[in-house]
Amino acid sequence: MELKQNVIIKIEKDSIAEELGIEAGDILLAVNGQSVKDVFDYRYLIQDEYVELTIRTINGEEYIAEIEKEEQEDIGIIFESGLMDNAKSCKNKCIFCFIDQLPKGMRKSLYFKDDDSRLSFLQGNYVTLTNMSEEDINHIIFYHLSPINVSIHTTDLELRKKMLRNPRADKVLDVMKTLADAGIEMNLQVVLCRGINDGKILDKTIEDCAVFFPHAKSMSVVPIGLTKYRENLYTMIPFDKQESKKVIAQVEYWQKKLKKSLGTSFVFLSDEFYLKAEYPLPDCADYEDFTQYENGVGMLSLLKQEFEQALKKYQYQFPKQKQNIVSVATGEAAYDLIQKLCNKVMKYCTMWKINVYKIHNDFFGDEITVSGLLTGQDIIKQLTGKELGSYLLLPESLLRNDTTMLLDDIEIEDIEKALNIPIKITKNTGETLLCNLLDLEENK
């Protein structure tokens, strides 16, 4: 039987692999005679002080590299696939799936639905636990892949089967118990669908999941994202101002209750609910340790706090005499906050003009307001002819997987050429935003 092949794309400088003469393009066939299932197998198998790697060179020659090293010492090999395996695809047909709402004609990789617990551990992706075999669960436990992010959505098990359109979806609490008993930590997510899993059903979900604390560390509640491409899909109603207020009141009740019994608020709302309700954003302290930050929970509050701290930190470096015009483009959700922050900067730097441009998401539709889902074509169309000044700031969240490409395959370079303006990509921290606005060098 052919052993699994893992193509090596890079050898780290001054590493064991470099010393042995292993090269990019070579293929790892086995470690200690064992085929490597994925990156966790690889990490586990190379821990020992003596390791044998079966290598196939670019020329097709095979040899065994014998390695003596310190225990746990890395070998210095980087593989073509970070997972060292194919990601497992999702077998659910969720009524709220965002990928089903993509238009035709986008690049093929955007239509792939993963439901892989390994990607949950490595990249923070959410998994439903419905597509896992007993072997997969044992794999998580054996390698202690913790924490993992779980899309729970509801603990009404009959409703969960309907929402995920998967008859196996009712096993979720059993799997969670198995993982919790093994000491695996979980961060939970509820995609809230108006009139479906909200109200009393959300109460039940929060109560049932809080039982798993501390192994269930936190729960985020995020509104369903609705694009304009929903033909022949399940009818959904977006959350409006009044309904968002109801959800906030409901979650605040549970936060106070659970704070008393568990010492944590446990359940947190995404920023979108507060924006829709036109409520002030909670203070950073209300988000505790920001375990759900990547899910849009507390992101704007943290940005605001970091920015205000940076104003004090860099105040003696502000350009006082230099005149300049710069611009920022952002999605509708963050626009009001970004405008307020830029107004503060202009009070300090009176000769520095900052234009903040709100980009409407024509590509996906009115309900999609986050910056991370903006497209290059919308940015170009809406900024053409605008006063942009010396350079334009765009958020890093626009870019796909460490590339310079946006969702619609338009590159940053394409936007620069179309608008005739240099672009600075800004990480989602308040300090970086301030430094990029004022062309300051960020203190490390």
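Every read-out reported here was derived from the displayed coordinates using simple, explicitly stated rules and does not represent laboratory data. All values derive from a computational prediction rather than experimental measurement. Every residue, glycine as well, gets a Cβ built from its backbone with ideal geometry; the counts of neighbours run over all protein chains shown.
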| note | With -39,500 (n - 2.57) per DSSP H segment of 4 or more residues and division by the full residue count of the chain, the 222 nm estimate, nearest 500 deg cm²/dmol, is -9500 deg cm²/dmol
| remark: For the SER15, LYS241 Cβ pair and Förster radius 41 Å, calculated FRET efficiency rounded to 0.05 is 0.15
| MET106 to LYS427: extension gain in nm, 0.36 nm per residue of separation minus the Cα-Cα distance? | 113.0 nm
| message | Run the simple label-point estimate for GLU80 and ASP409 please: 7 Å along Cα→C-beta, distance reported in nm. | response | 2.2 nm
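So, R0 is 41 Å and r is the distance between the beta-carbons of ASP283 and MET351; what FRET efficiency does that work out to, to 0.05?
So the FRET efficiency works out to roughly 0.80.
Out of the range 262-352, which trypsin sites (Lys or Arg not before Pro) are coil in DSSP terms and have no more than 13 other C-beta atoms within 10 Å?
When the trypsin sites (Lys or Arg not before Pro) of the range 262-352 are filtered for loop state and at most 13 Cβ neighbours within 10 Å, LYS320, LYS322 remain.
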| Once the piece of chain linking ALA249 and ASP203 is laid out straight, how much longer is it, given 0.36 nm per residue of separation minus the C-alpha distance between them? | 15.4 nm
| said: Using a 7 Å offset from the Cα along the Cα-to-Cβ direction at both ASN59 and LYS256, what is the distance between the two label points in nm, to one decimal? | reply: 7.6 nm
| field | Rounded Å value of the spacing that divides the Cα centres of the range 393-410 and the range 352-381 | value | 13 Å
| message | Could you give the length gained by full extension between ASN443 and TYR229, i.e. 0.36 nm per residue of separation minus their alpha carbon distance, to one decimal place? | response | 72.6 nm
| remark: Most packed first (mean Cβ within 10 Å per residue), the peptides 397-407, 25-35 order as 25-35, 397-407
| Neighbourhood charge, 9 Å Cβ-Cβ cut-off, centred on PHE268 and excluding it, Lys, Arg +1 and Asp, Glu -1 | -2
| When all C-alpha to C-alpha distances in the range 375-444 are sorted into bins of 10 Å, what percent of pairs does each bin hold, rounded to whole numbers? | 19, 50, 29, 2
| query | About its Cα centre, how strong a charge dipole does the range 99-297 have in debye, to the nearest 20, once Lys and Arg get +1 and Asp and Glu get -1 at the Cβ? | reply | 600 debye
| query | If you take the square roots of the eigenvalues of the alpha-carbon gyration tensor of the range 6-79 and sort them as a ≥ b ≥ c, do you get rounded (a/c under 1.5), prolate (a/b over b/c) or oblate? | reply | rounded
| task | Using every pair of alpha-carbon atoms in the range 304-437, split the distances into 5 Å bins beginning at 0 and state the percent of pairs per bin, rounded to integers. | result | 2, 10, 21, 24, 20, 13, 8, 3, 0
| note | Shape descriptor, the range 132-284: equivalent ellipsoid semi-axes (Cα gyration tensor, sqrt 5λ, whole Å, largest first) stand at 27, 21, 13
| Percent antiparallel among DSSP beta bridges with both residues in the range 304-437, to the nearest 5? | 5 percent
| query | Among the listed pairs LYS246/LYS312; LYS313/LYS340; LYS91/LYS259; LYS10/LYS177; LYS37/LYS69; LYS200/LYS259, which are separated by more than 29 Å between their Cα atoms? | reply | LYS246/LYS312; LYS91/LYS259; LYS10/LYS177
| message | Cut-off under 20 Å on the C-alpha distance; same-chain residues fewer than 8 positions from LYS417 excluded. Which aspartates and glutamates are left, in chain and number order? | response | ASP378, GLU387, GLU396, ASP408, ASP409
| How high is the FRET efficiency between GLU73 and ASP362 when r is their beta carbon distance and R₀ equals 56 Å, given to the nearest 0.05? | 0.60
| Under a point spin-label approximation (7 Å from Cα along Cα-to-Cβ), what is the ASN401-LYS320 distance to one decimal in nm? | 5.0 nm
| note | Membrane-span-like helices (DSSP H runs, Cα span along own axis at least 15 Å, mean Kyte-Doolittle at least -1.0) in the chain -> 199-210, 299-313, 332-348
| said: Could you compute how fast the chain diffuses translationally, taking Rh as the Kirkwood radius over C-alpha pairs and applying Stokes-Einstein at 37 °C with viscosity 0.692 mPa s? Give it in µm² per second. | reply: 134 µm²/s
| field | Relative pair counts by distance (%), Cα atoms of the range 221-316, 10 Å bins | value | 14, 38, 29, 14, 4, 1
| What share of the DSSP beta bridges in the chain is antiparallel, in percent to the nearest 5? | 40 percent
| For VAL356, which sequence-distant residues (separation of 5 or more, or a different chain) have an amide H within less than 5 Å of its own amide H, given hydrogens modelled in the peptide plane? | VAL328
